[in-house]
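Down below is the structure, laid out as structure tokens.
Just so it is clear, none of the values below were taken in a lab; they were calculated from the coordinates. Fair warning: this is a prediction, and the values are worked out from it, not measured in the lab. With ideal geometry, Cβ positions are generated from the backbone for all residues, glycine too; neighbour counts draw on all protein chains shown.
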Amino acid sequence: MEKVPMTAGGYDRLREELRNLKSVERPAIIQLIAEARTHGDLSENAEYHAARERQSFIEGRIGELEDKISRAEVIDVSKLSGKMVKFGATVTIADEDTDEESTYQIVGELEADISAGLLSVTSPLARAIIGKTVGDQVEVATPRGAKDYEIVKVRYK
């Protein structure tokens, strides 16, 4: 069984989503299905079919979350330090063409959100910068061609 690396914050978010699905969403959908059954013929009952479809989605997501949580390898970023980029690092990089700087934290696949600055450890950019230090230059293959970046800052928070 393959471990799934994630930060403590990502693990907490998954556990909270699972708790919400089990204690709020699941009981609510069961109530909706019971209500829809009282409306008569189930074969023509759109409310019933919509509720059953939602229930199927919720049960699938619960199974998925339970699997990910059971395989989670929680990495406490606050205990990490150093100058080398590794999982959990918050890295500032500069585009060598435009000198535009971007800051990302390298996190597990399940918690990645590029708009929030959370970069998946499996992304091409993360794979390129892991193991590098401040001042190193990396080349990343992108759909628009190769891009060159320089690592400006590495920190662990």
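Treating region 78-155 as a set of equal point scatterers at the Cα positions, no solvent, please give the Debye-formula log₁₀ I(q)/I(0) at q = 0.12, 0.13 Å⁻¹.
So the normalised log intensities work out to -0.29, -0.34.
Within a Cβ distance under 14 Å of Val138, other residues only, what is the Lys/Arg minus Asp/Glu net charge?
Numbers: positive: Arg127, Lys132, Lys147; negative: Asp95, Glu96, Asp97, Asp136, Glu139, Asp148, Glu150.
Cβ neighbours under 14 Å give a net charge of -4.
Quick one: divide the alpha-carbon radius of gyration of the chain by 2.2 N^0.38 Å and tell me what you get.
The chain yields a ratio of 1.44.
Given R₀ = 22 Å, what would the calculated FRET efficiency be for Ile33 paired with Glu64, taking r from the Cβ atoms and rounding to 0.05? Kindly include the intermediate steps, with their values, before the conclusion.
Values: r = 21 Å, r/R0 = 0.97.
It comes to 0.55.
Only sites in a loop by DSSP and with at most 15 other Cβ atoms within 10 Å count here; which trypsin sites (Lys or Arg not before Pro) in region 1-36 make the cut?
Numbers: sites: Lys3, Arg13, Arg15, Arg19, Lys22; in loops: Lys3.
Passing sites in region 1-36 are Lys3.
In sequence order, what are the phi-derived ³J(HN,Hα) couplings for region 102-112 according to the Karplus relation 6.51 cos²θ - 1.76 cosθ + 1.60 with θ = phi - 60°, rounded to whole Hz, with x for glycine and proline?
Each residue of region 102-112 in turn: 9, 10, 9, 9, 7, 10, x, 4, 6, 9, 5 Hz.
Output the pairs from Lys79/Lys147; Lys3/Lys157; Lys3/Lys83; Lys22/Lys86; Lys68/Lys157 with a Cα-Cα distance over 28 Å in this structure; if there are none, say none.
Result: Lys79/Lys147; Lys22/Lys86 exceed 28 Å.
Computed FRET efficiency, Cβ-Cβ of Arg19 and Thr142, R0 41 Å: what is it to the nearest 0.05?
It comes out at approximately 0.60.
Given the -39500 (n - 2.57) contribution per DSSP H run of 4+ residues, what per-residue ellipticity at 222 nm results for the chain, rounded to the nearest 500 deg cm²/dmol? Intermediate results must be reported in sequence, preceding the final value.
Details: 4 runs with 56 residues, N = 157.
So the calculated ellipticity at 222 nm is -11500 deg cm²/dmol.
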